[in-house]
1. Output the residues belonging to segment A:174-183 that are in contact with a helix residue (DSSP H, G or I) (Cβ under 9 Å, 6 or more places away or on another chain), assigned to a helix (DSSP H, G or I) and over 13 Å from residue A:101 (Cα atoms).
2. Among the residues of segment A:103-114, how many are part of a helix (DSSP H, G or I) and either facing another protein chain (nearest Cβ under 7 Å) or in contact (Cβ under 8 Å) with a residue 24 or more places away in the chain (or both)?
3. Go through segment B:230-267 residue by residue and tally those that are within 13 Å of the chain's Cα centre (by Cα) and assigned to a helix (DSSP H, G or I).
4. When the residues of segment B:197-217 are filtered to those that are facing another protein chain (nearest Cβ under 9 Å) and within 24 Å of the chain's Cα centre (by Cα), which remaining residue is farthest from residue B:142 (Cα to Cα)?
5. Which one of these is part of a helix (DSSP H, G or I) and either more than 19 Å from residue A:31 (Cα to Cα) or not assigned by TED's automatic domain parsing to the domain that holds residue B:301 (or both): B:156, B:215, B:209?
6. Do you know which of the residues in segment B:103-116 that are within 7 Å of chain A (Cβ to nearest Cβ) and free of Cβ contacts under 8 Å to residues at least 24 places away in the same chain is nearest to residue B:247 (Cα to Cα)?
7. Just checking, which of A:133, A:93 is closer than 18 Å to residue A:203 by Cβ and within 12 Å of another protein chain (Cβ to nearest Cβ)?
8. Could you please let me know if residue A:27 is modelled with pLDDT under 90, closer than 30 Å to residue A:229 by Cβ and in contact with a helix residue (DSSP H, G or I) (Cβ under 7 Å, 6 or more places away or on another chain)?
């Protein structure tokens with residue numbers, strides 16, 4: 001056993017405590033809001049709720065689930081996540097494969113790469129983007145949420161690097177056996193890249209679930225809002241000119257607080273559910289995407 | 001050019017080989033085609049669409065029918081009383097976020113690396129990048145609840161310490177700090193991973209040699225760990241250069257209100273309001289074009305620097 005000095009011990013103890021405190025700081029706010037959402041509004045108003053529900057109640061959840069807008073926007077989000085993830089993943093695979101080739105075997109590779117990468121470097125900005133989507137007739141339809149962002153260039157780069165990490169001999173032996181590019185991609189590259197695809201796929205799902213801004217401006221009718229956009233209008237957009245009336249309407253305001261808390265939790269729940277999977281893969285994923293030989 | 005039979009034969013073979021090469025590459029082009037069309041329509045058409053900045057654009061006249069007015073939109077923006085303040089806010093908030101978002105993760109990565117018990121190390125790591133995956137709608141909602149002057153838990157705690165309630169989200173002295181602090185809170189865990197990866201890639205024999213030379217942990221950190229992280233730190237600094245005008249639209253949009261426009265309004269939120277509240281599409285595009293061009297120059301320089309000094313290539 002190696003001797004550990006007392007100052008080292010002290011440092012380790014302080015350091016660990018500090019880091020654990022920091023970790024708590026990252027999720028305690030969420031726990032607090034969760035406690036508020038499950039508490040009776042009177043207890044919340046009295047300021048009794050910290051990190052555990054007081055007078056446990058499901059009224060807030062009852063309330064939000066009973067609202068037709070909520071269910072409808074949830075349906076739109078589910079549609080968006082399924083459709084958007086499918087399209088994103090197909091395109092990511094289809095683009096990453098050709099671009100992962102050496103310029104020697106695919107002469108136009110560099111040119112194509114620049115076409116895609118340039119979109120990271122420069123953009124037309126908000127208004128021309130909006131006008132393009134309007135002119136292609138997507139406004140107010142589910143396609144507005146999945147088609148304009150259908151090519152996630154960062155994910156393409158991530159997967160492209162994953163493909164490049166696969167041994168060249170695999171591809172060569174496929175060609176010798178008479179398989180073409182498409183066959184090689186589907187039967188060899190895709191199955192072998194499942195960890196990379198899982199990373200990209202989870203990023204995509206989270207991105208579509210969280211996406212709120214496009215819904216907000218591309219949908220003219222609130223009935224077409226996905227959940228995140230709907231929550232944005234409910235949770236965030238309260239009118240500050242009414243702050244003074246807060247005291248008068250205290251009772252109604254308080255129940256608003258618990259119902260807002262419940263909606264925050266519902267918005268965060270799917271992320272919390274996929275989080276264990278996310279974190280299993282994505283550490284590999286982002287390190288892969290950021291540190292390269 | 002000679003035309004001996006052997007050369008004709010060679011030329012024919014060359015052509016055949018070229019055709020074969022085309023045939024072999026054809027599936028690759030076809031795989032790219034759908035994505036290429038989508039990128040051309042939804043990324044490159046808007047790039048050409050920036051001509052709106054030089055038009056008196058209305059929805060009904062469109063790109064081809066709106067009258068050209070030269071640089072009038074830009075002059076209009078420069079004459080607006082708060083433009084200078086908004087540009088300053090943008091640069092200030094963005095730069096503070098870059099600096100804080102650089103130091104905090106480096107510090108946490110070094111501290112995490114010192115933890116010997118792997119259960120603590122893994123547990124802490126698992127929790128600190130949770131906020132990264134939540135949207136600013138959710139986090140904004142949480143912050144608004146926590147920071148409320150009448151009911152929020154933060155002000156309740158401050159009240160116990162005898163501090164008067166602070167309206168963090170409506171006070172110009174506090175608002176930028178809230179933006180910077182909450183941004184670090186959301187993102188530091190995520191950036192920490194990159195630095196931790198850099199630390200673990202440091203050659204362990206260096207530490208052994210240092211111990212032989214009598215270096216304590218502090219000296220080891222200073223002379224081995226930090227220099228070992230340097231390439232990735234340099235890389236992160238250069239790449240963050242491109243974000244000098246990105247103060248974080250999602251965050252500011254979800255946390256700000258007219259009371260804090262003075263300290264918290266940024267270019268992106270201004271563009272949004274000019275476009276969708278005032279319907280002045282030309283002016284909004286002009287501001288957007290300014291931002292895009294400056295950002296493009298900054299990103300180009302930063303990528304060039306990263307390539308030159310850190311040997312980094314994005315693809």
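The values are calculated or read from the model by the stated rules, or taken from the named source; none is laboratory data. The structure presented is a predicted model; accordingly, all values stated were derived computationally and were not measured. Cβ coordinates were reconstructed from backbone atoms using ideal geometry, including for glycine residues, and neighbour counts include every protein chain displayed.
1. Filtering segment A:174-183 down to residues in contact with a helix residue (DSSP H, G or I) (Cβ under 9 Å, 6 or more places away or on another chain) leaves A:174-175, A:179-183.
Narrowing further to those that are assigned to a helix (DSSP H, G or I): A:174-175, A:181-183.
Once the filter is applied, which keeps residues that are in contact with a helix residue (DSSP H, G or I) (Cβ under 9 Å, 6 or more places away or on another chain), assigned to a helix (DSSP H, G or I) and over 13 Å from residue A:101 (Cα atoms), segment A:174-183 yields A:174, A:175, A:182, A:183.
2. Step one: list which residues in segment A:103-114 are part of a helix (DSSP H, G or I), which gives A:109-114.
Right, trim to either facing another protein chain (nearest Cβ under 7 Å) or in contact (Cβ under 8 Å) with a residue 24 or more places away in the chain (or both) and you get A:112-113.
Qualifying residue count for the region: 2.
3. Just the residues of segment B:230-267 that are within 13 Å of the chain's Cα centre (by Cα), to begin with: B:236-251.
Keeping just the survivors that are assigned to a helix (DSSP H, G or I) gives B:236-243, B:249-251.
The total comes to 11.
4. Checked segment B:197-217; the qualifying residue farthest from residue B:142 (Cα to Cα) is B:198.
5. Details: B:156 fails: either more than 19 Å from residue A:31 (Cα to Cα) or not assigned by TED's automatic domain parsing to the domain that holds residue B:301 (or both); B:215 fails: part of a helix (DSSP H, G or I).
Within the list B:156, B:215, B:209, the selection yields B:209.
6. B:111
7. A:93
8. Values: modelled with pLDDT under 90: yes; closer than 30 Å to residue A:229 by Cβ: yes; in contact with a helix residue (DSSP H, G or I) (Cβ under 7 Å, 6 or more places away or on another chain): yes.
When the stated conditions are applied, residue A:27 passes them.
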